[in-house]
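What follows is a set of notes on a single structure, which appears directly below.
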Amino acid sequence: MTKQILLYLPVVHAGHEAFFARHADAAEILLLGGGFKDVFKSLAKDIRALPPQRAAQFLRLLLPGTPVRVIEPADLPGAVTADVLVLPDEDITRNLAAVHRLRDGHELVFDNTFLRWDREWSQARRPAGFDGAVAAGDLPPRMLATARELAGNSSDWWRQVGAVAARGERVLAVAWNHHEPSEYSPYIDGDPRDSFSRGVRGDLSTAIHAEASIVAQAAREGFSLSGADLFVTTFPCPACARLVAEAGFARCYFAGPYSVLDGDEVLRAAGVELLWVDTAGSGNPEG
(Lines give C-alpha, C1' and ligand atoms only; values in the text may rest on other atoms or scores of the structure.)
Protein backbone atom coordinates (compact mmCIF):
# COMPACT_ATOMS: atom_id res chain seq x y z
CA MET A 1 0.00 0.00 0.00
CA THR A 2 1.25 3.47 -0.85
CA LYS A 3 1.29 6.30 1.70
CA GLN A 4 1.35 10.10 1.56
CA ILE A 5 1.55 12.72 4.31
CA LEU A 6 -0.50 15.93 4.19
CA LEU A 7 0.16 18.69 6.72
CA TYR A 8 0.44 22.35 7.61
CA LEU A 9 4.02 23.03 8.74
CA PRO A 10 4.51 26.49 10.30
CA VAL A 11 7.65 25.40 12.15
CA VAL A 12 9.75 22.26 12.34
CA HIS A 13 10.12 20.89 15.88
CA ALA A 14 10.89 17.61 17.61
CA GLY A 15 7.23 16.58 17.51
CA HIS A 16 7.32 16.74 13.72
CA GLU A 17 10.61 14.84 13.61
CA ALA A 18 9.03 11.99 15.60
CA PHE A 19 5.92 12.16 13.39
CA PHE A 20 7.97 11.76 10.20
CA ALA A 21 10.01 8.95 11.77
CA ARG A 22 6.80 7.04 12.51
CA HIS A 23 5.81 7.38 8.85
CA ALA A 24 9.18 6.98 7.20
CA ASP A 25 7.59 4.76 4.56
CA ALA A 26 5.63 7.66 3.07
CA ALA A 27 6.17 8.01 -0.66
CA GLU A 28 5.50 11.77 -0.68
CA ILE A 29 4.87 14.70 1.65
CA LEU A 30 2.30 17.33 0.73
CA LEU A 31 2.62 20.74 2.42
CA LEU A 32 -0.22 23.24 2.56
CA GLY A 33 0.74 26.32 0.53
CA GLY A 34 0.12 30.01 1.13
CA GLY A 35 -3.31 29.90 -0.50
CA PHE A 36 -4.70 28.08 2.52
CA LYS A 37 -4.47 31.36 4.47
CA ASP A 38 -7.55 32.44 2.55
CA VAL A 39 -9.33 29.28 3.69
CA PHE A 40 -8.14 29.32 7.32
CA LYS A 41 -7.96 32.97 8.37
CA SER A 42 -6.09 32.23 11.61
CA LEU A 43 -3.05 31.14 9.57
CA ALA A 44 -2.57 34.72 8.38
CA LYS A 45 -1.69 35.66 11.97
CA ASP A 46 1.00 33.00 12.17
CA ILE A 47 3.82 35.56 12.05
CA ARG A 48 6.51 33.04 12.97
CA ALA A 49 5.51 30.54 10.32
CA LEU A 50 8.00 29.57 7.66
CA PRO A 51 6.95 30.26 4.06
CA PRO A 52 5.75 26.91 2.69
CA GLN A 53 8.57 26.71 0.14
CA ARG A 54 11.14 27.29 2.90
CA ALA A 55 9.49 24.64 5.07
CA ALA A 56 9.71 22.29 2.10
CA GLN A 57 13.45 22.97 1.82
CA PHE A 58 13.95 22.06 5.48
CA LEU A 59 12.01 18.84 5.00
CA ARG A 60 14.11 17.87 1.99
CA LEU A 61 17.20 18.22 4.18
CA LEU A 62 15.58 16.36 7.07
CA LEU A 63 14.16 13.60 4.86
CA PRO A 64 16.49 13.12 1.89
CA GLY A 65 14.97 10.87 -0.72
CA THR A 66 11.35 11.66 0.17
CA PRO A 67 9.62 13.91 -2.38
CA VAL A 68 8.12 17.07 -0.84
CA ARG A 69 5.51 19.09 -2.73
CA VAL A 70 3.73 22.34 -1.81
CA ILE A 71 0.08 22.28 -2.81
CA GLU A 72 -2.66 24.93 -2.97
CA PRO A 73 -6.41 24.60 -2.30
CA ALA A 74 -7.18 23.96 -5.96
CA ASP A 75 -4.84 20.95 -5.90
CA LEU A 76 -7.06 19.02 -3.47
CA PRO A 77 -8.21 16.31 -3.60
CA GLY A 78 -6.38 15.49 -6.83
CA ALA A 79 -2.95 15.60 -5.18
CA VAL A 80 -3.89 12.68 -2.93
CA THR A 81 -3.15 9.52 -4.89
CA ALA A 82 -1.93 7.06 -2.24
CA ASP A 83 -3.90 4.31 -0.53
CA VAL A 84 -3.12 5.73 2.91
CA LEU A 85 -3.05 9.43 3.79
CA VAL A 86 -1.45 10.46 7.10
CA LEU A 87 -2.40 13.83 8.62
CA PRO A 88 -1.56 15.54 11.91
CA ASP A 89 -4.48 15.26 14.30
CA GLU A 90 -5.40 18.97 14.11
CA ASP A 91 -8.49 21.02 13.33
CA ILE A 92 -7.14 22.21 9.98
CA THR A 93 -6.36 18.79 8.56
CA ARG A 94 -9.57 17.25 9.92
CA ASN A 95 -11.49 20.09 8.28
CA LEU A 96 -9.67 19.56 4.99
CA ALA A 97 -10.37 15.85 5.11
CA ALA A 98 -14.08 16.47 5.60
CA VAL A 99 -14.52 19.29 3.07
CA HIS A 100 -12.54 17.56 0.33
CA ARG A 101 -13.93 14.09 1.11
CA LEU A 102 -10.44 12.66 1.41
CA ARG A 103 -11.83 9.46 2.91
CA ASP A 104 -13.29 8.57 -0.46
CA GLY A 105 -10.94 5.92 -1.79
CA HIS A 106 -8.27 6.49 0.88
CA GLU A 107 -7.54 5.27 4.38
CA LEU A 108 -6.97 8.29 6.65
CA VAL A 109 -4.59 8.14 9.61
CA PHE A 110 -4.62 11.07 12.05
CA ASP A 111 -1.46 11.15 14.16
CA ASN A 112 -0.25 13.60 16.79
CA THR A 113 2.65 16.01 16.25
CA PHE A 114 2.54 17.97 19.52
CA LEU A 115 5.24 17.64 22.12
CA ARG A 116 4.82 15.96 25.48
CA TRP A 117 7.21 17.67 27.88
CA ASP A 118 7.26 17.20 31.64
CA ARG A 119 10.78 18.49 32.45
CA GLU A 120 11.32 19.55 36.06
CA TRP A 121 7.61 19.41 36.90
CA SER A 122 7.95 15.65 37.20
CA GLN A 123 10.47 16.26 39.97
CA ALA A 124 8.56 19.07 41.70
CA ARG A 125 5.15 17.48 42.06
CA ARG A 126 3.75 16.30 45.37
CA PRO A 127 0.51 14.46 46.08
CA ALA A 128 -2.67 16.26 46.95
CA GLY A 129 -4.54 15.30 50.07
CA PHE A 130 -7.40 12.95 49.30
CA ASP A 131 -10.31 11.27 51.06
CA GLY A 132 -9.69 7.83 49.68
CA ALA A 133 -8.03 5.77 46.98
CA VAL A 134 -9.72 3.64 44.36
CA ALA A 135 -8.39 1.26 41.76
CA ALA A 136 -8.94 2.23 38.15
CA GLY A 137 -10.91 -0.97 37.64
CA ASP A 138 -13.47 0.08 40.24
CA LEU A 139 -14.53 3.15 38.25
CA PRO A 140 -17.31 3.28 35.65
CA PRO A 141 -15.91 1.76 32.43
CA ARG A 142 -13.12 3.71 30.77
CA MET A 143 -13.80 7.07 32.45
CA LEU A 144 -10.18 7.77 33.35
CA ALA A 145 -8.88 6.05 30.22
CA THR A 146 -11.08 8.38 28.18
CA ALA A 147 -9.71 11.39 30.05
CA ARG A 148 -6.18 10.26 29.23
CA GLU A 149 -7.03 9.80 25.57
CA LEU A 150 -8.53 13.30 25.51
CA ALA A 151 -5.35 14.73 27.03
CA GLY A 152 -3.52 13.62 23.91
CA ASN A 153 -5.45 16.23 21.91
CA SER A 154 -3.80 19.09 23.79
CA SER A 155 -1.14 21.24 22.16
CA ASP A 156 -0.12 22.74 25.50
CA TRP A 157 3.64 22.81 25.98
CA TRP A 158 3.44 22.56 29.77
CA ARG A 159 1.11 19.69 30.39
CA GLN A 160 -1.68 17.81 28.71
CA VAL A 161 -4.85 17.32 30.77
CA GLY A 162 -8.07 15.53 29.92
CA ALA A 163 -11.32 15.62 31.87
CA VAL A 164 -14.69 13.86 31.83
CA ALA A 165 -17.84 14.94 33.68
CA ALA A 166 -20.27 12.09 34.30
CA ARG A 167 -23.36 11.14 36.22
CA GLY A 168 -23.07 7.44 36.88
CA GLU A 169 -22.05 5.91 33.55
CA ARG A 170 -23.58 8.74 31.51
CA VAL A 171 -21.00 11.16 30.15
CA LEU A 172 -22.12 14.80 30.42
CA ALA A 173 -19.11 16.57 28.88
CA VAL A 174 -15.50 16.00 27.92
CA ALA A 175 -12.61 18.43 27.41
CA TRP A 176 -8.86 18.89 27.31
CA ASN A 177 -6.71 21.96 27.94
CA HIS A 178 -6.52 23.95 24.74
CA HIS A 179 -5.81 27.37 23.28
CA GLU A 180 -7.98 29.89 21.47
CA PRO A 181 -8.47 30.82 18.69
CA SER A 182 -6.68 27.61 17.66
CA GLU A 183 -4.24 24.99 18.89
CA TYR A 184 -1.52 26.93 17.03
CA SER A 185 -1.78 29.94 19.35
CA PRO A 186 1.26 29.01 21.51
CA TYR A 187 3.29 28.67 18.32
CA ILE A 188 2.02 31.91 16.79
CA ASP A 189 2.25 34.27 19.75
CA GLY A 190 4.63 32.39 22.00
CA ASP A 191 3.75 31.19 25.48
CA PRO A 192 4.14 33.64 28.40
CA ARG A 193 4.65 30.62 30.65
CA ASP A 194 8.02 29.87 29.05
CA SER A 195 9.87 32.15 31.47
CA PHE A 196 8.30 30.71 34.63
CA SER A 197 8.68 27.46 36.52
CA ARG A 198 5.73 25.13 36.84
CA GLY A 199 3.23 26.30 39.40
CA VAL A 200 4.47 29.92 39.33
CA ARG A 201 2.13 32.62 37.94
CA GLY A 202 -0.35 30.15 36.50
CA ASP A 203 -2.61 33.13 35.78
CA LEU A 204 -0.40 34.01 32.82
CA SER A 205 -1.42 30.91 30.89
CA THR A 206 -3.11 31.48 27.54
CA ALA A 207 -4.84 28.09 27.77
CA ILE A 208 -8.31 27.24 28.98
CA HIS A 209 -8.00 24.28 31.29
CA ALA A 210 -9.98 21.10 30.78
CA GLU A 211 -12.06 21.53 33.95
CA ALA A 212 -12.88 25.16 33.09
CA SER A 213 -13.89 24.09 29.58
CA ILE A 214 -16.35 21.55 30.99
CA VAL A 215 -17.94 24.17 33.27
CA ALA A 216 -18.18 26.53 30.29
CA GLN A 217 -19.87 23.83 28.20
CA ALA A 218 -22.45 23.31 30.92
CA ALA A 219 -23.14 27.05 31.09
CA ARG A 220 -23.45 27.34 27.30
CA GLU A 221 -25.62 24.27 26.79
CA GLY A 222 -27.70 24.67 29.94
CA PHE A 223 -27.14 21.45 31.88
CA SER A 224 -26.33 21.03 35.56
CA LEU A 225 -23.11 19.60 36.97
CA SER A 226 -24.45 19.55 40.51
CA GLY A 227 -23.84 16.16 42.08
CA ALA A 228 -21.86 14.91 39.09
CA ASP A 229 -18.44 13.25 39.13
CA LEU A 230 -15.29 14.74 37.59
CA PHE A 231 -12.55 12.47 36.25
CA VAL A 232 -9.33 14.34 35.53
CA THR A 233 -5.82 13.20 34.65
CA THR A 234 -4.15 15.80 36.88
CA PHE A 235 -5.30 17.34 40.16
CA PRO A 236 -7.10 20.66 39.43
CA CYS A 237 -5.16 23.89 39.71
CA PRO A 238 -6.49 26.44 42.25
CA ALA A 239 -8.47 28.41 39.63
CA CYS A 240 -10.13 25.27 38.28
CA ALA A 241 -10.76 24.01 41.80
CA ARG A 242 -12.87 27.11 42.45
CA LEU A 243 -14.90 26.44 39.30
CA VAL A 244 -15.33 22.77 40.22
CA ALA A 245 -16.52 23.80 43.68
CA GLU A 246 -18.94 26.42 42.33
CA ALA A 247 -20.35 23.99 39.75
CA GLY A 248 -21.38 21.63 42.55
CA PHE A 249 -19.45 18.49 41.62
CA ALA A 250 -19.86 15.77 44.23
CA ARG A 251 -16.61 13.91 43.61
CA CYS A 252 -13.31 14.56 41.88
CA TYR A 253 -11.33 11.52 40.74
CA PHE A 254 -7.73 12.36 39.84
CA ALA A 255 -4.73 10.31 38.78
CA GLY A 256 -1.89 12.84 38.79
CA PRO A 257 -0.67 15.27 41.45
CA TYR A 258 -0.13 18.98 40.89
CA SER A 259 2.69 21.26 42.03
CA VAL A 260 0.40 23.94 43.53
CA LEU A 261 -2.21 22.43 45.80
CA ASP A 262 -4.20 25.33 47.24
CA GLY A 263 -7.09 23.86 45.30
CA ASP A 264 -7.53 20.90 47.64
CA GLU A 265 -8.57 23.23 50.47
CA VAL A 266 -11.11 24.93 48.19
CA LEU A 267 -12.59 21.61 47.13
CA ARG A 268 -12.72 20.22 50.65
CA ALA A 269 -14.45 23.36 51.92
CA ALA A 270 -17.09 22.93 49.20
CA GLY A 271 -17.71 19.33 50.19
CA VAL A 272 -16.19 17.80 47.07
CA GLU A 273 -14.93 14.31 47.81
CA LEU A 274 -11.36 13.85 46.54
CA LEU A 275 -10.47 10.37 45.32
CA TRP A 276 -7.05 9.44 44.07
CA VAL A 277 -7.12 6.74 41.38
CA ASP A 278 -4.40 4.13 41.76
CA THR A 279 -3.63 3.30 38.14
CA ALA A 280 -0.45 1.36 38.88
CA GLY A 281 -1.59 -0.64 41.89
CA SER A 282 1.18 0.94 43.96
CA GLY A 283 -1.00 2.04 46.87
CA ASN A 284 0.38 5.59 46.96
CA PRO A 285 0.11 8.58 44.63
CA GLU A 286 3.84 8.78 43.98
CA GLY A 287 3.76 5.31 42.40
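The values are calculated or read from the model by the stated rules, or taken from the named source; none is laboratory data. Note that the structure is predicted; figures quoted are calculated from it, not measured. Cβ atoms come from the backbone with ideal geometry, glycine included; neighbour counts cover every protein chain shown. Ligands, DNA and RNA are excluded from the accessible area calculation, which covers all protein heavy atoms including side chains. Shrake-Rupley method; radii C 1.70, N 1.55, O 1.52, S 1.80 Å.
In the range 17-26, which residues are assigned to a helix (DSSP H, G or I) and open to solvent by less than 60 Å² (accessible area, probe 1.4 Å)?
Those that are assigned to a helix (DSSP H, G or I) and open to solvent by less than 60 Å² (accessible area, probe 1.4 Å): 18, 19, 20.
Within the range 38-56, track down each residue that is open to solvent by less than 100 Å² (accessible area, probe 1.4 Å), part of a helix (DSSP H, G or I) and in contact with a helix residue (DSSP H, G or I) (Cβ under 7 Å, 6 or more places away or on another chain).
43, 44, 52 - these are the residues of the range 38-56 that are open to solvent by less than 100 Å² (accessible area, probe 1.4 Å), part of a helix (DSSP H, G or I) and in contact with a helix residue (DSSP H, G or I) (Cβ under 7 Å, 6 or more places away or on another chain).
Of everything in the range 193-233, what is under 20 Å from residue 267 (Cβ atoms), modelled with pLDDT under 95, part of a helix (DSSP H, G or I) and of a type in the set (A, V, I, L, M)? Give them in sequence order.
None; the set is empty.
Of the residues that make up the range 234-247, is at least one modelled with pLDDT under 95, of a type in the set (S, T, N, Q), over 30 Å from residue 37 (Cβ atoms) and open to solvent by less than 20 Å² (accessible area, probe 1.4 Å)?
Scanning the range 234-247 turns up at least one residue that is modelled with pLDDT under 95, of a type in the set (S, T, N, Q), over 30 Å from residue 37 (Cβ atoms) and open to solvent by less than 20 Å² (accessible area, probe 1.4 Å).
Does the range 153-173 contain any residue that is part of a helix (DSSP H, G or I) and either crowded, with 18+ Cβ neighbours inside 10 Å or modelled with pLDDT under 75 (or both)?
No, because not a single residue in the range 153-173 is part of a helix (DSSP H, G or I) and either crowded, with 18+ Cβ neighbours inside 10 Å or modelled with pLDDT under 75 (or both).
So, of the residues in the range 271-287 that are touching a Lys or Arg at 6+ places or on another chain (Cβ under 9 Å) and modelled with pLDDT of 75 or more, which turns out to be farthest from residue 131 (Cα to Cα)?
272
Cβ contacts < 6 Å: first residue more than 13 Å from residue 67 (Cβ to Cβ), restricted to the range 1-30; second residue aliphatic (A, V, I, L, M) and in a helix (DSSP H, G or I), any location; separation 6+ or different chain. Result?
Every condition considered, the pairs that remain are 8/92; 9/55.
Name, by its number, the condition in (1) on the phi > 0 side of the Ramachandran plot; (2) buried (at least 16 other Cβ atoms within 10 Å of the Cβ) that does not hold for residue 29.
The single condition residue 29 does not satisfy is (1).
Of all residues in the range 57-106, how many are over 26 Å from residue 152 (Cβ atoms), assigned to a loop (DSSP other than H, G, I, E, B) and acidic (Asp, Glu)?
2
Restricting to the range 125-152, name every residue that is at pLDDT below 80, in contact with a Gly (Cβ under 9 Å, 6 or more places away or on another chain) and open to solvent by less than 40 Å² (accessible area, probe 1.4 Å).
Listed by number, the residues that qualify are 128, 140.
Out of all the residues in the range 1-16, which are surrounded by fewer than 21 Cβ atoms within 10 Å (Cβ to Cβ) and touching a helix residue (DSSP H, G or I) at 6+ places or on another chain (Cβ under 7 Å)?
Answer for the range 1-16, where residues must be surrounded by fewer than 21 Cβ atoms within 10 Å (Cβ to Cβ) and touching a helix residue (DSSP H, G or I) at 6+ places or on another chain (Cβ under 7 Å): 10, 11, 12.
I'm checking my understanding of the structure. Among residues of the range 84-103 that are charged (D, E, K, R) and open to solvent by 70 Å² or more (accessible area, probe 1.4 Å), which one is farthest from residue 149 (Cα to Cα)?
For the range 84-103, the residue satisfying everything is 101.
Can residue 190 be described as at pLDDT below 90, closer than 23 Å to residue 279 by Cβ and either crowded, with 20+ Cβ neighbours inside 10 Å or not assigned by the TED database to the domain that holds residue 40 (or both)?
Considered against the rule, which asks whether it is at pLDDT below 90, closer than 23 Å to residue 279 by Cβ and either crowded, with 20+ Cβ neighbours inside 10 Å or not assigned by the TED database to the domain that holds residue 40 (or both), residue 190 comes out as no.
Report, ordered by the first and then the second residue, all pairs with beta carbons closer than 9 Å, sequence separation of six or more or different chains, a first member in the range 56-67 that is assigned by the TED database to the domain that holds residue 10, and a second member that is polar (S, T, N, Q) and assigned to a loop (DSSP other than H, G, I, E, B).
What qualifies is 59/66; 60/66.
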